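Have a look at the structure below before the remarks.
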Amino acid sequence: MTDLIRSWVDSANSSETDFPLNNLPYGVFVAADGTPRCGTAIGDFVLDLAALEKAALLDFGGTLGRAGWNAFMALGSAEWMRLRQSLTEMLLEGAGTQAVVEPYLVPREGLRLLMPFDVSEYTDFYAGKHHAMNVGTMFRGPENALPPNWLHLPIGYNGRASSVVVSGTDVIRPHGQLKGPNDDAPRFGPSQRFDIELEMGAIVGQPSTGPISVAEAFDNIFGYVLLNDWSARDIQAWEYQPLGPFQAKATATTISPWIVTAAAMEPFRTTTPAREKPLLDYLVEPGPMLYDIALEVGLAPAGGTETIISRTNYKEMYYSSAQQLAHHTTSGCPMRVGDLLGSGTISGPERGNRGSLLELSWGGKEPLTLAGGETRSFIEDGDTLTLRGHAQGDGYRVGFGECKGTLLPARG
Ligand code: CA
């Protein structure tokens, strides 16, 4: 594991910050003049990369002045590495660059952050074994919990890119068709079992036009964000057969505003859990392609204090994003710059490690008690859900910031 890379930005050297010089995550912020542009978080600041490029202190073909990272991602991995090296040299303690670079720092507090990239397409997977076992046990019993294909391929469905929003965006409780097991006919009304799914999102930074290997897929992933796949369980239960989730997952998917690059995550690579059945050759990982990222979920009722309702780790995933991406291309499916892949819900082995309220409350049978004494089976109007995550280094962390959303009452 590498050590903290010290910066002349003092707040970046704190063991508590998500954004030391080791991280350099990429986001889009609204500058004082009202224009959106690319920036990187460093300690308590954002470095204005668009202004640095305008001042000819960086040169990436004007891509850093865009309101998204797609154009930069399209430049390819040599340019990804060159920017990371340039920024490291600019912000390094003792580099003699402070006087030139410091005017381009903007305080991070209160800064408005936008979607960090244009989501070309969005695919969501079902690749966490503890989650699949929990959900399968609830719906089909422990004997048939895992579908027969589960240990052989990462199950996924094509989601809606248009529904992906950045942290801080409110989410409106959806209406839909609801039919309980004892109802004769469906009715139309607000979802009563609205939920979260704690996931990581992988962002494809290079296009592909045919099948690619797991190793090629790993190299094509630019970076990662936290991802909350808001899910209406009651709508899903009635609509999902035989083609999978549709409206239950189309209300909103929230992502964190900072893309943490694969380069920053490099020291934290780890292998997927032991295989229970051998995989077909095309899905075998040639090396460790998962990451050790500690994750948590906080729930705060309107006006109340937050309770951490789940703690887990990304390394619990049975399939890595690289395996998912490789599998996605087996059909010849073209992938674009800005394709977003949801990992699937990340649960761990214990009750406190479950990544959805469906699992935490065991389908509503075992409601959670919050710090203020309230109970929850599913999300109530006014609740704010916040995902957080970081990889822990020796005396520093590489963090993702927050992925937050508040549920507003259904309209009408
Ligand atoms: Ca999901």
Just to verify a result, which residue in the stretch 54-71, among those that are assigned to a loop (DSSP other than H, G, I, E, B) and over 24 Å from the mean Cα position of the chain (by Cα), is farthest from LEU105 (Cα to Cα)?
GLY61
Yes or no: ALA202 farther than 23 Å from ASP383 by Cα, buried (at least 21 other Cβ atoms within 10 Å of the Cβ) and under 24 Å from the mean Cα position of the chain (by Cα)?
yes
Selection from the stretch 357-412 of residues that are outside any loop (DSSP other than H, G, I, E, B) and among the aromatic types (Phe, Trp, Tyr):
PHE400
Residue match in the stretch 137-148 (condition: touching a residue at least 40 places away in the same chain (Cβ under 8 Å) and hydroxyl-bearing (Ser, Thr, Tyr)):
no
Quick check: is even one residue across the stretch 102-120 modelled with pLDDT of 95 or more, within 16 Å of the ligand (Cβ to nearest atom) and under 28 Å from VAL166 (Cβ atoms)?
yes
Is there a residue being open to solvent by less than 10 Å² (accessible area, probe 1.4 Å), away from the ligand (no atom under 16 Å from the Cβ) and more than 30 Å from GLY110 (Cα to Cα) anywhere in the stretch 329-336?
yes
Could you list, in sequence order, all residues of the stretch 238-266 that are touching a Lys or Arg at 6+ places or on another chain (Cβ under 9 Å) and part of a strand (DSSP E or B)?
THR253, THR254, THR261
In this structure, is THR169 free of Cβ contacts under 8 Å to residues at least 40 places away in the same chain, out of contact with any His (no Cβ under 7 Å at 6 or more places or on another chain) and farther than 30 Å from SER7 by Cα?
no
Can you confirm whether the stretch 82-96 contains a residue that is under 22 Å from the mean Cα position of the chain (by Cα), open to solvent by less than 70 Å² (accessible area, probe 1.4 Å), at pLDDT 95 or above and within 16 Å of the ligand (Cβ to nearest atom)?
no
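Need at least 3 residues that are within 16 Å of the ligand (Cβ to nearest atom), aliphatic (A, V, I, L, M) and within 30 Å of LEU113 (Cβ to Cβ) per element, so show me which strands (runs of 3 or more DSSP E) inside the stretch 126-234 make the cut, counting only ones lying wholly within it. Even if it seems obvious, please write down each step before you answer.
On the way: elements: 156-158, 164-166, 175-178, 187-190, 198-204, 221-229.
Passing ranges, in order: 198-204, 221-229.
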Qualifying positions in the stretch 337-356 - open to solvent by 10 Å² or more (accessible area, probe 1.4 Å) and either out of contact with any Ser or Thr (no Cβ under 6 Å at 6 or more places or on another chain) or in a loop (DSSP other than H, G, I, E, B) (or both):
VAL337, PRO349, GLU350, ARG351, GLY352, ARG354
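Quick check on the stretch 296-309. Is at least one of its residues in contact with a helix residue (DSSP H, G or I) (Cβ under 7 Å, 6 or more places away or on another chain) and either closer than 30 Å to CYS38 by Cα or not aliphatic (A, V, I, L, M) (or both)? Spell out how you get there, then give the answer.
To start, the set of residues in the stretch 296-309 that are in contact with a helix residue (DSSP H, G or I) (Cβ under 7 Å, 6 or more places away or on another chain) comprises 309.
Then drop every residue that is not either closer than 30 Å to CYS38 by Cα or not aliphatic (A, V, I, L, M) (or both), which leaves none.
No; the residues of the stretch 296-309 include none that is in contact with a helix residue (DSSP H, G or I) (Cβ under 7 Å, 6 or more places away or on another chain) and either closer than 30 Å to CYS38 by Cα or not aliphatic (A, V, I, L, M) (or both).
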Looking at this structure, is GLY401 out of contact with any strand residue (DSSP E or B) (no Cβ under 7 Å at 6 or more places or on another chain) and within 30 Å of ARG6 (Cβ to Cβ)?
yes
Checking VAL164 against (1) over 21 Å from the mean Cα position of the chain (by Cα); (2) of a type in the set (A, V, I, L, M, F, W, C); (3) under 24 Å from SER256 (Cβ atoms): exactly one of these is not met. Which one?
(1)
Whichever residue in the stretch 14-36 is out of contact with any strand residue (DSSP E or B) (no Cβ under 7 Å at 6 or more places or on another chain) and among the acidic types (Asp, Glu) and, among such residues, is least open to solvent (accessible area, probe 1.4 Å):
ASP33
Cβ-Cβ distance below 6 Å, separation of 6 or more or different chains: which pairs start in the stretch 366-381 with a residue that is of a type in the set (D, E, K, R) and end on one that is surrounded by fewer than 15 Cβ atoms within 10 Å (Cβ to Cβ)?
ASP381/PRO409
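The values are calculated or read from the model by the stated rules, or taken from the named source; none is laboratory data. This structure is a prediction, so every number in the text was calculated from the model and none was measured. Glycine also receives a Cβ, built like all others from the backbone with ideal geometry; neighbour counts cover every protein chain displayed. We work out accessible area using only protein heavy atoms, side chains counted, and drop any ligands, DNA or RNA first. Shrake-Rupley method; radii C 1.70, N 1.55, O 1.52, S 1.80 Å.
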